[in-house]
Amino acid sequence: MTTTLVRKQQTSPLPERQETRRERRRRERLEEQAAMIPVKLYGLRRGTVTLLTVLAGLFAVFTLIPIAWIVINSTKTQANIFQSFGFWFARPFVFFHTFSMLFQNVDGDGTYIQWFGNTVLYAVLGGGGATVLSVLAGYGFARYRFRGSNALFYLVMAALMVPITAITLPLYLVYAKVHLINSIWGMILPSLVSPVGMYLMRTYVLVSVPRELIDAARLDGAGEVRIFLRVVLPLIVPGVMTVLLISIVAVWNNYFLPLIIFTQNHLFPLTVGMGLWSTHATTSGDNNLYPLIVMGGLVTIIPLIALFLVLQRYWRGGLLLGSMAD
């Protein structure tokens, strides 16, 4: 029995797998270090590098200060939010109590958790759909030539120059005619159009997908759908992740569109619902609303931070390559 146990321990593959993981991590670190361009190749002096590092650190502090404030003040009562030092904790510690209030209808306007679910739904359908359409349109404009393609592309890009306030009344009248007021499709359908995403994907495809590769696939007998799915799509994953992140964040933070098409509280996204809380907090003096607004702001940014952390390497690489002009 002892001999059998010793043999099993000696032949166990677990130590080999652990060693393999360590070796893989070490190899990846070495590859990252080898891929880094030395600062001296940029022609920068040490003093310049130090100055840029200090400026980057100050910008990081400036960016993180609001997050630190909202994290600290999410633990306070309304009195402590206004009376205590904003960047330090104060008793009583009411974080969990305030968090539980997000699931309750505090002032009769609706619950935070319902608005959160609406925002997730709008962001997933609108942002995901915008990404799909941007990828298809960008690929089409980049690798297909048809009559009027340039004019159509510039027409789509001209939509960026039209402010949303200029089309508010026409949009509302059209929505009223087609019965999209107080409909989730009234929020999702406009979110599917992303001229910025289409432009980024067109530029990314021009840079990262050689035309010769597509022609070679056609010579091999591959159809257009197969070429896109098996040849083009794997090459543009960083760009797709970039557009996905931008589209989801745009829908998540959208305030003006749902404000004009929704009049029923249970359809509100977080932006409109918390705006309603803020208005009532300043007019009614409810002691529960300001802590809820702070806690709601904290919970609102957590999914975006998590999404950025998951997609950051794709986002960074995709944005740098997609920003190269054709």
Rel. contact order, % - alpha carbon contacts under 8 angstrom, at least six apart, the stretch 195-320: 33 percent
Distance in nm between pseudo-label sites at residue 64 and residue 263 (7 Å out along the Cβ direction from Cα): 4.8 nm
Computed E for residue 104/residue 249 - FRET, C-beta separation, R0 45 angstrom, nearest 0.05: 0.95
Per-peptide average of other Cβ atoms within 10 Å, ordering 298-306, 197-205 highest first: 197-205, 298-306
Paramagnetic reach from residue 313 (point 7 Å along Cα→Cβ, amide N under 13 Å) across the stretch 221-248: 238
Helical segments meeting 27 Å axial Cα length and Kyte-Doolittle 0.5 threshold in the chain (DSSP H): 46-73, 289-322
Accessible area of the chain belonging to carbon and sulfur atoms, whole % at 1.4 Å probe: 67 percent
Simple label model, 7 Å out from Cα along Cβ direction - residue 50 to residue 149, nm: 5.3 nm
Nitroxide proxy distance, nm - points 7 Å out along Cα→Cβ at residue 220 and residue 256: 4.7 nm
Per-pair calculated FRET efficiency, R0 = 51 Å: residue 157 and residue 93 via Cβ, rounded to 0.05: 0.50
Probe 1.4 Å, all protein chains present, accessible-area order of 100, 74, largest first: 100, 74
Additional length obtainable on full extension of the chain from residue 23 to residue 132, 0.36 nm per residue less Cα span: 35.5 nm
Charge dipole magnitude, Cβ of K and R +1, D and E -1 - the chain, Cα centre, debye nearest 20: 1200 debye
Theoretical gain in end-to-end length, residue 302 to residue 179 [0.36 nm per residue, Cα-Cα removed]: 40.8 nm
Mean separation of Cα contacts under 8 Å (6+ apart) over length of the chain, as relative contact order %: 25 percent
Per-residue [θ]222 nm for the chain (sum of -39500 (n - 2.57) over DSSP H runs n ≥ 4, rounded to 500): -22000 deg cm²/dmol
FRET E, pair residue 235, residue 84, Förster distance 35 Å, beta-carbon r, rounded to 0.05: 0.05
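The values are calculated or read from the model by the stated rules, or taken from the named source; none is laboratory data. Computed from a prediction, not measured in an experiment: that's the story for all the values here. Every residue, glycine among them, receives a Cβ derived from its backbone with ideal geometry; neighbour counts consider all protein chains shown. Ligands, DNA and RNA are excluded from the accessible area calculation, which covers all protein heavy atoms including side chains. Shrake-Rupley method; radii C 1.70, N 1.55, O 1.52, S 1.80 Å.
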